[in-house]
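Some notes on the structure that comes next.
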């Protein structure tokens, strides 16, 4: 019932190029993030093992031509259903098991405004510089991210948390069909455990609510226990898990 979240995720975190291969969506963005550089096998029909193997080989060739390693995103909605096993047999390994979570925005807690918070509805140099510094983003990946986000036509909210005049946390919300997807949530490593991420998230969710969003979703790597604990505190509930085959 949550397959639509996967579709929205493709839109709210855009790639630079998407190619269809018998119902699979092959995405590339100069190698920046697995989300934007992986096969999303959401559609298709049952096929013989030989046909499936051939389709995998076609996908592999596409990424080879793009100068990238092939990556498959494995969700409960993959088509065909035996794709994960077929990839395992070809030597693909599981990386970054992750959780997809939802939060209904009705009754959302109010941020306490201990920190200055700014929300801009288009990409700014200030936000990009803050994210680049906080995440130690390379120059090439920063250029790719700029192209990806600037090309997106969905409603965006770029949020900064300012502490003593310095941006110490940032994030991005993207809205489609009443959902706000949360991305790039990060706090300065020496400023964590002070409630900044919680206040930033609450402010971003309230912004989304004023723009018509009724539900929030996010994706978090299961190994990131600190972020998972915060999302639990805010009331996000897991709806399914996914992983990548690399």
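Of note:
- When 71, 166 are sorted by how many other C-beta atoms sit within 10 angstrom of their C-beta, beginning with the fewest, the order is 166, 71.
- With contacts taken as Cα pairs under 8 Å at a separation of at least 6 residues, region 1-144 carries a relative contact order of 17 percent.
- Length-normalised contact order for the chain - Cα pairs under 8 Å, 6+ apart - percent: 26
- Degrees, to the nearest 10: 49-65 long Cα axis against longest axis of the chain: 50
- Rounded, prolate or oblate (a/c below 1.5 giving rounded, otherwise prolate when a/b exceeds b/c) for region 190-246 by Cα gyration tensor: oblate
- For the chain, convex hull volume per residue from C-alpha positions, Å³: 124
- Note on 94, 119: ascending count of other Cβ atoms within 10 Å places them as 94, 119, the fewest first.
- Sites residue 104 and residue 50 - FRET efficiency at Förster radius 51 Å, r taken between beta-carbons, to 0.05: 0.65
- Rounded to the nearest 10 degrees, the angle from helix 139-151 to the longest Cα principal axis of the chain is 90 degrees.
- Once the chain from residue 94 to residue 58 is taken as fully extended at 0.36 nm per residue, the excess over their C-alpha distance is 10.9 nm.
- Separation in nanometres of the label points that stand 7 Å from Cα toward Cβ, at residue 225 and residue 129: 3.7
- 13 Å cut-off, amide nitrogen to a point 7 angstrom out along residue 121 Cα→Cβ, residues in region 146-164: 154-158
- Taking 0.36 nm per residue of sequence separation and removing the Cα-Cα distance, the residue 150/residue 210 pair yields an extension gain of 19.4 nm.
- In summary, the convex hull built on the alpha carbon positions of region 107-213 has an orientation-averaged projected area of 6.7 nm².
- A quarter of the convex hull surface defined by the alpha-carbon atoms of region 135-176 gives 3.6 nm² as the mean projection.
Computed from the coordinates by the stated procedures, all read-outs in this text should not be read as laboratory data. Note that the structure is predicted; figures quoted are calculated from it, not measured. Neighbour counts run over all protein chains shown; Cβ positions are idealised from the backbone, glycine included.
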